[in-house]
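Participant: Once you've had a glance at the structure underneath, I'll fire off some questions.
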Amino acid sequence: MLALGCSRPWKREDSRTWEGCCQGADACLALLQELHGPDTGEKWLPPEQACAAWKLGREGEGVVPRLIPLLRHPERRVRGGAAQALANMGEKATGALPALIEAYEREPGGLALHALSSLDDERAAPAIVRHLLESPTSALEHLGPTLAPVLFDALENPESSWEALVLVRHVLSRRASMHTETFVPRLRTLLARELEESTLRRPPGTSCPSAPAPGCEAVFDACTPRAAYVASVLAAHAREGAKGEPEALQALQRADVRLTPVALQALVAFRSPAAVPGVLEQLAVPECRARALASLVSLGDVARPAATEPLLRLLATGKEGWERARAAEALGRVGDAAAFEALRQAVDAPHSEVQAAAVDALGSYAFREHAEELGPLLQRVGTTHASPVARSHARLAMQGLAEQEVQHAESIDCARIIPGRSGGWTLNEGHTSVQLHWDKPKAPPQGSPCAAVPGGDSASVLEAMGEACLVGWDDGEFGGTLEVHEAGRVTVLEEPRANPLVVVRMHDALVVVEGLAHMYFGAGRLVRVDASEGRWRATPWVTLPGAPMAYALDEAGDLVVGTTDQRLDAFVCGRAGTFAPAHVVRVTRDGRLAPVEPDGRH
């Protein structure tokens with residue numbers, strides 16, 4: 001993206017290109033030390049330092065001796081810029097390693113670790129172990145193959161605190177695609193070792209006079225066995241981690257209230273038939289229903305036929321629209337032909353979510369034998385149905401049945417729903433593309449429950465909820481995480497299939513807007529977050545017709561969202577007058593979705 005550049009002069013507020021900010025080492029070193037106003041304390045570098053660091057990172061080794069003294073500069077912004085420049089240099093900055101280690105020891109929360117992670121030299125390992133809890137999580141997530149094993153050292157160390165275990169679990173889970181072949185055998189060995197203990201080991205200093213209350217979400221605190229932290233990381237490796245199914249099943253059989261939900265989610269990630277009985281037990285518990293339905297979607301045909309009857313019953317009798325909708329979605333993934341008639345009838349159910357989910361389910365491969373009957377139904381839905389989500393699903397289903405591309409029947413001018421600024425999203429225009437960005441959360445004030453959240457500097461969502469903090473991380477196509485952090489406890493609500501973007505409060509409900517704009521499609525949904533009897537849960541509430549771009553609350557307090565199901569780039573909205581499949585929809589208190597008519601009033 002940076003290589004595209006722009007020809008116009010560089011401005012301080014320009015976040016699109018740094019190409020023209022300075023030329024040559026002397027000018028860029030001067031810009032690196034140029035300060036505007038007092039230090040705000042924000043962890044992200046200001047434009048001057050960020051631009052200079054990027055340009056200096058393209059210089060040769062000759063500039064390294066001039067950057068090293070700046071690691072001791074009295075201004076944090078200059079120190080950070082020098083460290084970032086060295087990080088951008090990679091192996092060219094090897095001569096700065098001792099100075100970077102010293103800088104890291106002095107200021108573990110600074111940017112020196114970013115440079116050390118890019119150098120990936122084992123000499124930095126002892127310092128990282130000493131300052132693990134003080135280090136930027138975003139840097140720990142990018143440790144290379146030489147330094148990443150220090151995280152396992154903390155996972156294996158019986159003296160590691162629960163705070164250190166929570167941090168390591170988070171980092172290793174978010175980077176599960178890296179070092180899989182090396183890490184999975186080590187995780188299996190460690191989990192087996194923990195499960196050999198007659199009494200499950202917990203972090204040191206633990207005092208659990210009574211068993212914690214059982215629940216279906218993964219909860220990590222001082223009462224959580226060490227085995228649960230290991231099993232959670234193993235689950236994040238999914239396909240390769242499935243080799244650890246015997247250990248995960250053994251963990252489930254230990255029947256520990258903190259270990260059981262983690263072990264069950266690991267078996268779900270491995271798509272193991274051993275997970276089905278436990279998931280169906282969760283399905284019967286209202287507080288666990290959202291978790292169970294998400295698990296059945298992941299298990300797919302592995303849950304057939306045991307899950308079919310309970311899901312059909314929920315589709316018919318569920319009290320809320322989202323329950324019936326997610327039951328229909330799960331039936332499509334389970335793929336039992338016995339569900340065809342119930343799903344066909346659900347297409348005309350009174351709730352928009354149920355309608356759309358039923359259409360999506362009918363489009364699955366399991367119902368291809370009903371193609372002749374489905375053809376007219378999908379044609380009707382795709383052209384006349386009130387729900388844009390149902391129409392979109394119907395077109396995709398017709399495409400699958402016909403095995404050919406289906407053109408979108410509707411499109412509107414992109415400019416109609418792309419505001420210059422709305423609901424926290426900012427529009428950045430370049431000469432080749434249009435891109436939407438949402439602002440990173442500002443640093444929370446001291447005393448906020450979000451102030452001490454590890455990794456808060458790279459979070460997409462930081463929302464105080466009384467004494468708790470809702471935290472979201474979005475890794476785009478690689479998924480993300482939604483968690484609740486409280487004093488002494490972390491509850492994982494969604495992982496790894498989450499793309500949390502922003503939080504909005506509507507009708508006294510806390511709703512997370514999630515979405516992904518990826519290549520030629522967009523996806524989005526609304527997730528409701530609430531608590532019951534002291535336990536947090538996330539409800540997959542509403543499916544959006546594409547990736548969310550902007551939002552607002554109307555006069556009635558309903559949520560209005562603008563979406564597109566294609567990425568906004570040069571292929572779609574890059575030039576004036578082009579069109580893209582896009583929608584403006586209203587979401588009501590009960591989770592019903594309806595299009596906003598283009599009458600110019602919205």
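The values are calculated or read from the model by the stated rules, or taken from the named source; none is laboratory data. Being a predicted model, the structure only gives us computed values, none of them experimental. We place every Cβ from the backbone using ideal geometry, glycine too, and count neighbours over all the protein chains shown.
Participant: Residue 265 - would you say it is buried (at least 24 other Cβ atoms within 10 Å of the Cβ), among the polar types (S, T, N, Q) and closer than 26 Å to residue 360 by Cβ?
Facilitator: Yes, satisfied.
Participant: Now for a different question. So which residues in the range 121-131 are in a loop (DSSP other than H, G, I, E, B) and over 14 Å from residue 96 (Cβ atoms), if there are any at all?
Facilitator: Within the range 121-131, 131 is the sole residue that qualifies.
Participant: Looking at (1) of a type outside the set (Ser, Thr, Tyr); (2) without any contact (Cβ under 8 Å) to a residue 12 or more places away in the chain; (3) assigned to a helix (DSSP H, G or I), which is the one condition that is false for residue 477?
Facilitator: Of (1) of a type outside the set (Ser, Thr, Tyr); (2) without any contact (Cβ under 8 Å) to a residue 12 or more places away in the chain; (3) assigned to a helix (DSSP H, G or I), only one is false for residue 477: (2).
Participant: Here's another thing I want to ask about it. Collect the residues in the range 59-80 that are over 18 Å from residue 135 (Cα atoms) and surrounded by 17 or more Cβ atoms within 10 Å (Cβ to Cβ), keeping them in residue-number order.
Facilitator: Across the range 59-80, the qualifying residues are 59, 63, 64, 67, 68, 70, 78.
Residues checked against (1) surrounded by fewer than 21 Cβ atoms within 10 Å (Cβ to Cβ); (2) at pLDDT 50 or above:
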site: 373; (1), (2): yes, yes
site: 378; (1), (2): no, yes
site: 405; (1), (2): yes, no
site: 408; (1), (2): yes, no
site: 422; (1), (2): yes, no
site: 437; (1), (2): yes, no
site: 440; (1), (2): yes, yes
site: 445; (1), (2): yes, yes
site: 451; (1), (2): yes, yes
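Participant: Which one is farthest from residue 143 (Cα to Cα), of the residues in the range 167-187 that are modelled with pLDDT of 90 or more and surrounded by fewer than 21 Cβ atoms within 10 Å (Cβ to Cβ)?
Facilitator: If we take residues in the range 167-187 being modelled with pLDDT of 90 or more and surrounded by fewer than 21 Cβ atoms within 10 Å (Cβ to Cβ), then 185 is farthest from residue 143 (Cα to Cα).
Participant: Oh, and also: How many residues, within the range 350-375, are of a type outside the set (A, V, I, L, M) and touching a Phe, Trp or Tyr at 6+ places or on another chain (Cβ under 8 Å)?
Facilitator: Summing the residues that are of a type outside the set (A, V, I, L, M) and touching a Phe, Trp or Tyr at 6+ places or on another chain (Cβ under 8 Å) in the range 350-375 gives 3.
Participant: Just give me the residues in the range 31-45 being farther than 18 Å from residue 72 by Cβ and outside any loop (DSSP other than H, G, I, E, B), in sequence order.
Facilitator: The one that is farther than 18 Å from residue 72 by Cβ and outside any loop (DSSP other than H, G, I, E, B): 31.
Participant: Looking at the structure I just gave you, is residue 129 more than 21 Å from residue 49 (Cα to Cα), in contact (Cβ under 8 Å) with a residue 60 or more places away in the chain and not assigned by TED's automatic domain parsing to the domain that holds residue 228?
Facilitator: no
Participant: Now for a separate question. Only residues that are at pLDDT 65 or above and among the hydroxyl-bearing types (Ser, Thr, Tyr): list them for the range 576-602, please.
Facilitator: 588
Participant: Residue pairs, Cβ under 7 Å, 6 or more apart or interchain, first in the range 191-207 and modelled with pLDDT under 95, second exposed (fewer than 12 other Cβ atoms within 10 Å of the Cβ). List them.
Facilitator: Note: pairs meeting the criteria are 201/158; 204/159.
Participant: Here are some residues: 83, 53, 30. Which one is surrounded by fewer than 19 Cβ atoms within 10 Å (Cβ to Cβ) and of a type in the set (Gly, Ala, Ser)?
Facilitator: 30
Participant: May I pose another question? Has the range 142-149 got any residue that is in a helix (DSSP H, G or I) and crowded, with 20+ Cβ neighbours inside 10 Å?
Facilitator: Looking for residues that are in a helix (DSSP H, G or I) and crowded, with 20+ Cβ neighbours inside 10 Å, one finds none in the range 142-149, hence no.
Participant: Let me ask you something else. Just wondering, is there one or more residues in the range 459-472 that are hydroxyl-bearing (Ser, Thr, Tyr) and within 17 Å of residue 494 (Cα to Cα)?
Facilitator: yes
Participant: Please pick out the residue among 349, 356 that is surrounded by fewer than 24 Cβ atoms within 10 Å (Cβ to Cβ) and either outside any helix (DSSP H, G or I) or in the same structural domain as residue 278 (by TED's automatic domain parsing) (or both).
Facilitator: Exactly one residue qualifies, and that residue is 349.
Participant: Any residue that is on the phi < 0 side of the Ramachandran plot and at pLDDT below 75 - is there at least one of those in the range 520-533?
Facilitator: Within the range 520-533, one or more residues are on the phi < 0 side of the Ramachandran plot and at pLDDT below 75.
Participant: For the subset of the range 86-108 comprising residues that are surrounded by 15 or more Cβ atoms within 10 Å (Cβ to Cβ) and farther than 16 Å from residue 69 by Cα, which member is farthest from the chain's Cα centre (by Cα)?
Facilitator: Among those that are surrounded by 15 or more Cβ atoms within 10 Å (Cβ to Cβ) and farther than 16 Å from residue 69 by Cα, it is 92.
Participant: I've got another one for you. Only one of 329, 287, 309 is more than 25 Å from residue 250 (Cβ to Cβ), surrounded by 19 or more Cβ atoms within 10 Å (Cβ to Cβ) and assigned by TED's automatic domain parsing to the domain that holds residue 386; which?
Facilitator: 329
Participant: While we're on this one: Of (1) modelled with pLDDT of 90 or more; (2) touching a Gly at 6+ places or on another chain (Cβ under 8 Å); (3) over 30 Å from residue 213 (Cα atoms), residue 542 satisfies all except one. Which?
Facilitator: Looking at each condition in turn, residue 542 falls short on (3).
Participant: Let me ask another. Hey, among 231, 236, which residue is modelled with pLDDT of 95 or more and either buried (at least 18 other Cβ atoms within 10 Å of the Cβ) or farther than 24 Å from residue 536 by Cβ (or both)?
Facilitator: 231 is the lone residue from the list that is modelled with pLDDT of 95 or more and either buried (at least 18 other Cβ atoms within 10 Å of the Cβ) or farther than 24 Å from residue 536 by Cβ (or both).
Participant: While we're on this one: Take the residues in the range 375-388 that are in a helix (DSSP H, G or I) and touching a helix residue (DSSP H, G or I) at 6+ places or on another chain (Cβ under 6 Å); name whichever of them is nearest to residue 353 (Cα to Cα).
Facilitator: 381
To keep it simple, each residue is scored yes or no on (1) within 25 Å of the chain's Cα centre (by Cα); (2) under 18 Å from residue 498 (Cβ atoms).
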residue: 215; (1), (2): yes, no
residue: 229; (1), (2): yes, no
residue: 248; (1), (2): yes, no
residue: 256; (1), (2): no, no
residue: 261; (1), (2): yes, yes
residue: 270; (1), (2): yes, no
residue: 274; (1), (2): no, no
residue: 284; (1), (2): no, no
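Participant: Still on this structure: For the range 104-118, indicate whether the set of residues that are more than 21 Å from residue 42 (Cα to Cα) and in a loop (DSSP other than H, G, I, E, B) is non-empty.
Facilitator: No; the residues of the range 104-118 include none that is more than 21 Å from residue 42 (Cα to Cα) and in a loop (DSSP other than H, G, I, E, B).
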